Amino acid sequence: MLNEIRVWPGEPYPLGATWDGRGVNFALFSENAARVELCLYERRGHRELTRVAIERCTHDVWHCYLPDMRPGQLYGYRVHGRYDPGAGHRFNPHKLLLDPYARQIVGRFRWSDAHYDYRASHGDADLSLDRRDNAAAMPKCQVVDTAFTWGGDRRPRTEWSRSVLYELHVVGATRQHPAVANGLRGTFAGLGTPAVVDYLRALGVTAVELLPIQAFFDEPALVRRKLTNYWGYNPLLYFAPQPRYLATGEIGEFKTLVRQLHDAGIEVLLDVVYNHTAEGNRLGPTLCFRGIDNRSYYKLAPDNPRDYFDPTGCGNALNLRHPRVLQLVLDSLRYWVEEMHVDGFRFDLATTLARDADGDGFDPHSGFFKAIGQDPVLSRVKLIAEPWDLGDGGYRLGEFPAGWSEWNDRFRDTTRRFWRGDDGQIGELASRLTGSSDPFAGHRRRPWASVNFVTSHDGFTLADLVAYREKHNEANGEGNRDGTNANWSANYGVEGPTDDPAILETRARQTRNLLATLLLAQGVPMLTAGDEFGRSQGGNNNAYCQDNPTSWIDWSLAGTDEGAGLLAFVCKLIALRRDHVAFRRQHFFEGGPVGRDGAKDIVWLRPDGSEMAGEDWNAPARFLACLMSGAAAHFPVTATGEPEPDSTFLLVLNAEESRVRFTLPRAFARQVWTRLIDTSVANERFGIGPEHPGRRYEVPPRSVLLFVAEPVR
C-alpha cells in the first residue's frame, strides 16, 4: 500500500509533522538543500517502507501532506545538496536525519562511524565524504497526537517574591526513592508518585527546576568509558522529551506529572540548552541540523566556514540571528508552555543566545530578547538566565533585560567564603543578603532578579562543601582534571568522611549557616535536591556523567537523626520566609527612613550595637548584623490595597571561631527580642526569649541568629 501512498502538496506551516485529525502535514526548513526525501518506517523502526520525494518548497520550507498517515507513524529525512565544508555546506543524503520539530523519538541510538558525514579514518578528515547508511543505528521520529485531558489544571503563577526553587534531576530524585515503584524509577511517572509530590509540598518549595529533559545524546567519549551524559546538557531535539524518562513511552506522561505538581501548588521550570547541540564541532556526527542545513542552523567561524563559532566549549553554537533558527527556539518554548503547561525556563549559558553579529559581544537588545519580550505567551512565564558562557566577555551578571532573573554566582561564592572564614567579605555579603542591588538595580529590576544559591547540580553538594577541600572526580575518567578548582570549601580537619564528633558538629553547624544565609536573604532562593538532609557525592564536583548512586538521592538519609533534624530546620526557614514579607521584599533597601517613626529600613550594626560607619566596612571582620525595619513603605500591599506591614527582625552572622559580645539594639519603645533561629544549636526550640535591648548577648562562634522584635506584654 505504501508504494501507492497518496501525497498532497501540504502547507509550509506549522513546521514538523502535524496530525490534523485527517492526515499528517510534514514541513522542514532548509534554505540551501537541493532536494528532500521523507523516509517512512514500520512500527519498530527497523525497516524502511517507502521514501517520499518532497517536491513543494515554499519560502525555504519543504512540505507535503499524507492523507493516509496516522499518529504512531515513524519517519526521518534525507537531505540532498552540496557537500562543501569549506563553504559551510555538509549535505549527505546517506545519513538519516531527525526532524528538528519531532515531538517524540522511538528506538535506540547506537554510536557508529556511519553517523559521521566524512570518513573518520581518511587523511582529509571532514573534507572526505562517507557513503555509509546510518539508519539502522538511528532512532526514528514519531508522529504524535497531542490530545490530552487537562481537566481543571491551573497554573500556580507564584509571584517571584514568594518563590522558592528546588533544582532536581528526574532520575536522581526517583531512582532510590522507596515509595516509587521499580518500573517507574527514573521517569516522569516516578516523579509524580504521590509520596514524592507530598514531600515537595511539605518541604515548602514553590517550583521544581528540572535538569534538561529535552532529548539528548551521550557523547561517544563517555560511551567508550561506559558512562552517560547524566545531566543532559547535550541536546539534539528541543520538542521531544528524553525517551528514557518515559515509563509509558507516551508524552502524556510528562503532562500528567505537570498536572500533579500544579495540583500541589508547585510550578514546573525546565533547564533548557538552546546554546549548542550534540552534533559538536566540525568532526562531530551528522544527526539533524548539520545535515539539514549546516550553514543556516549553526554560527560558523567568520574567517573559515569549515569551523564553528564556539563560546560554549561544546563545539558549536546555534545561529539565533537566523530568523528560522530563532523561530525554532521560540516555537519550542511556546510548545512547552502551551502544550505541556510548564511555567518557565532556566537558560543554560544564556550569554550565547544574545551574542552580537560577530559573536564578540553581548547584545542586551538582541533579537532573542526582543522576541521573547514581546511574545504574549513567553513574556508571562518565569525566565532565568545563567548569565555567562565561555567566550570572550561572556560573564554578564546583571545585564539581562527587565523581566528576567539570573543565577547569582556572586551570592554563592561570597556566602561560601564568608562562612569558610575568609577576611574582607562583609561588604560583599551585605550586598548579597539585601538582593544584590549592585548588579541588579538598573532598569527598575527588583530583588527577585537575583536567583540565590549556595550549591547547584554543577559543583559540590552542601554536605561535600563542608567535608572536602579538594574535588575528587576520578570516577569521571578524566584524571581529576575536570570540574572547577574554585570551590571555596573546607573540610574542618579531615578530608571526607570521619567519625570525629567535633568535626561532625562543626560541619553540621556550617551547613545550617549556609542554609540560613540562603533562605533569609532577599532574592529568590534555590535549593539543590537532597541538600536539605545531607546528600553527598563523595567529593565529586562534576558528576555530569555519574548515572549511579553517586548522583542519585539517598532518601534514607532523611530518616536519620542528623538528616531529619536538618530537614526540619530547612522547613522552618522556608516557613519563616513564606510568613514574613521582610525576607521577600518587592523593592531594594534604601538605607533611609521609612514609615512615620523615621526609622531606617535597614541598619548595619557594630558589635556594640551602634550603626556601622564607612571605615567599619574595610575592617578584616567576620561578623555582620543588621536591623530590618517592619515599616511598610516598600513592602507588597494586600488584596484591599492596604500596606502589608511586618515585624522588625535582627539578623546576626558570626563567622568568627570565637564568641562575639553583641549589644542588642532597640527597634522601638517597650520591646523585647525573641530568638527564632540559632544555628549553633541543633533542633532548637522555636521562639526562645525574651531578650531585652541593651543586653550584651554572647553570639556563639560560627552561627546565625535571627531575632524578632515584640512589644512588652
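The values are calculated or read from the model by the stated rules, or taken from the named source; none is laboratory data. The structure displayed is predicted, hence computed values, not measured ones. All Cβ positions, glycine included, derive from the backbone under ideal geometry; neighbour counts span all protein chains shown. Just so you know, the surface numbers come from the protein's heavy atoms only, side chains and all, with ligands and any DNA or RNA stripped out. Shrake-Rupley method; radii C 1.70, N 1.55, O 1.52, S 1.80 Å.
Couple of notes before you dig in:
- The one condition in (1) free of Cβ contacts under 8 Å to residues at least 24 places away in the same chain; (2) open to solvent by 50 Å² or more (accessible area, probe 1.4 Å) that residue 548 fails to fulfil: (2)
- Complete set of residues in the range 208-235 that are touching a residue at least 60 places away in the same chain (Cβ under 8 Å), over 15 Å from residue 169 (Cβ atoms) and not in a loop (DSSP other than H, G, I, E, B): 220, 222, 223
- Looking across the range 41-56 at every residue that is part of a strand (DSSP E or B) and more than 38 Å from the chain's Cα centre (by Cα), the one that is surrounded by the most Cβ atoms within 10 Å (Cβ to Cβ) is identified as 54.
- Search result, residues across the range 521-538 that are over 17 Å from residue 167 (Cα atoms) and surrounded by fewer than 23 Cβ atoms within 10 Å (Cβ to Cβ): 538
- Single condition residue 605 does not satisfy, out of (1) surrounded by 20 or more Cβ atoms within 10 Å (Cβ to Cβ); (2) farther than 30 Å from residue 233 by Cβ; (3) within 27 Å of the chain's Cα centre (by Cα): (3)
- Here is the figure for the range 236-261: residues that are open to solvent by 10 Å² or more (accessible area, probe 1.4 Å) and in a helix (DSSP H, G or I) total 7.
- The residues of the range 186-200 that are assigned to a helix (DSSP H, G or I) and either among the β-branched types (Val, Ile, Thr) or touching a helix residue (DSSP H, G or I) at 6+ places or on another chain (Cβ under 9 Å) (or both), listed by number, are 188, 189, 190, 191, 194, 196, 197, 199, 200.
- Extreme residue, farthest from residue 387 (Cα to Cα), among residues of the range 318-353 that are touching a strand residue (DSSP E or B) at 6+ places or on another chain (Cβ under 7 Å) and in a loop (DSSP other than H, G, I, E, B): 342
- In the range 457-482, the residues that are free of Cβ contacts under 8 Å to residues at least 60 places away in the same chain and either outside any loop (DSSP other than H, G, I, E, B) or open to solvent by less than 30 Å² (accessible area, probe 1.4 Å) (or both): 465, 466, 474
- Residue 155 vs. criteria of a type in the set (D, E, K, R), open to solvent by 60 Å² or more (accessible area, probe 1.4 Å) and under 27 Å from residue 16 (Cβ atoms): yes
- Counting only residues that are closer than 23 Å to residue 140 by Cα, surrounded by 22 or more Cβ atoms within 10 Å (Cβ to Cβ) and either within 24 Å of the chain's Cα centre (by Cα) or among the aromatic types (Phe, Trp, Tyr) (or both), the range 273-289 holds 7 of them.
- Restricted to the range 662-713, the set of strands (runs of 3 or more DSSP E) holding at least 3 residues that are open to solvent by 30 Å² or more (accessible area, probe 1.4 Å) and out of contact with any Pro (no Cβ under 7 Å at 6 or more places or on another chain) comprises 688-691.
- The test for being crowded, with 19+ Cβ neighbours inside 10 Å, within 27 Å of residue 375 (Cα to Cα) and either touching a residue at least 12 places away in the same chain (Cβ under 8 Å) or aromatic (Phe, Trp, Tyr) (or both) does not hold for residue 292.
- Qualifying residue in the range 167-180 (condition: touching a residue at least 12 places away in the same chain (Cβ under 8 Å), polar (S, T, N, Q), assigned to a loop (DSSP other than H, G, I, E, B) and farther than 21 Å from residue 344 by Cβ): yes
- Residue check for residue 371: part of a loop (DSSP other than H, G, I, E, B), closer than 25 Å to residue 308 by Cβ and of a type in the set (A, V, I, L, M, F, W, C): no
- Taken over the range 20-40, the residue count meeting the criterion of being open to solvent by less than 60 Å² (accessible area, probe 1.4 Å) and not in a loop (DSSP other than H, G, I, E, B) is 11.
- Remark: pairs (first residue in the range 22-34, within 12 Å of residue 100 (Cβ to Cβ); second residue of a type in the set (Gly, Ala, Ser); Cβ separation under 9 Å; 6+ apart in sequence or on different chains) = 27/10; 27/16; 27/17; 28/16; 29/296; 30/81; 30/296.
- Count - residues of the range 1-19 that are β-branched (Val, Ile, Thr) and in a strand (DSSP E or B): 1
- Residue match in the range 90-98 (condition: out of contact with any Lys or Arg (no Cβ under 6 Å at 6 or more places or on another chain), open to solvent by 50 Å² or more (accessible area, probe 1.4 Å) and touching a residue at least 40 places away in the same chain (Cβ under 8 Å)): no
- Output for the range 66-87, where each listed residue is part of a strand (DSSP E or B) and open to solvent by 30 Å² or more (accessible area, probe 1.4 Å): 80, 83, 84
- Selection count, the range 648-661, where residues are aliphatic (A, V, I, L, M) and surrounded by fewer than 15 Cβ atoms within 10 Å (Cβ to Cβ): 0
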